[in-house]
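Colleague: I'd like to ask you about the structure that follows.
The values are calculated or read from the model by the stated rules, or taken from the named source; none is laboratory data. Note that the structure is a prediction, hence the values are computed from the model and not measured. Because the Cβ atoms are built from the backbone with ideal geometry, glycine has one as well, and the counts that use them run over all protein chains shown.
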Amino acid sequence: MREICVPIPFTDDEQVAEVEVKFANRKISVQYRLESFAWDVSEDPDFNPEDGITEDLMKIYKLKKLIADYDSSWELIQIFTPAENSKYIQVLFRKK
């Protein structure tokens with residue numbers, strides 16, 4: 001088994017959760033950070049929804065830019081599927 005899944009309570013969309021994992025018999029420390037990013041584009045002045053595809057593309061572009069500008073000492077691990085009509089999307093990073 002290469003990975004384990006650990007449920008972490010995450011109630012506030014604007015909260016940042018950091019998790020550190022240590023292995024008992026080996027000196028390996030792995031750090032993870034789960035962070036929420038604003039996902040809503042409806043207040044963007046360039047937002048003019050012609051259809052759902054335009055809104056989705058704007059969200060993807062916004063998320064891509066946020067990830068590209070993120071602290072380079074962290075690597076992207078996973079982007080979670082946001083709840084329908086959510087204004088935030090959760091992203092998991094691992095310390096390099």
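Colleague: Would you check if R2 is of a type in the set (D, E, K, R) and part of a strand (DSSP E or B)? Outline the logic, then answer.
Modeller: Numbers: of a type in the set (D, E, K, R): yes; part of a strand (DSSP E or B): no.
Criteria not met by R2.
Colleague: Check whether at least one residue in the range 61-71 is loosely packed, with under 12 Cβ neighbours inside 10 Å and closer than 16 Å to V16 by Cα, and report yes or no.
Modeller: Keep residues of the range 61-71 that are loosely packed, with under 12 Cβ neighbours inside 10 Å, which gives 61, 64-65, 68-69, 71.
When the remaining residues are screened for being closer than 16 Å to V16 by Cα, the result is 71.
Checking the range 61-71: at least one residue is loosely packed, with under 12 Cβ neighbours inside 10 Å and closer than 16 Å to V16 by Cα.
Colleague: Does the range 28-79 hold any residues that are over 20 Å from D13 (Cβ atoms), at pLDDT below 85, of a type in the set (S, T, Y) and not in a strand (DSSP E or B), and which are they?
Modeller: Once the filter is applied, which keeps residues that are over 20 Å from D13 (Cβ atoms), at pLDDT below 85, of a type in the set (S, T, Y) and not in a strand (DSSP E or B), the range 28-79 yields only T54.
Colleague: Still on this model: Can you name the residue in the range 72-90 that is in contact (Cβ under 8 Å) with a residue 24 or more places away in the chain, out of contact with any helix residue (DSSP H, G or I) (no Cβ under 7 Å at 6 or more places or on another chain) and not small (G, A, S) and, of all such residues, is farthest from V21 (Cα to Cα)?
Modeller: Here the residue is K87.
Colleague: Scan A17, A24 and give me the residue that is on the phi < 0 side of the Ramachandran plot, out of contact with any Leu (no Cβ under 9 Å at 6 or more places or on another chain) and at pLDDT below 85.
Modeller: Details: A17 fails: out of contact with any Leu (no Cβ under 9 Å at 6 or more places or on another chain).
None of the others qualify; the one that does is A24.
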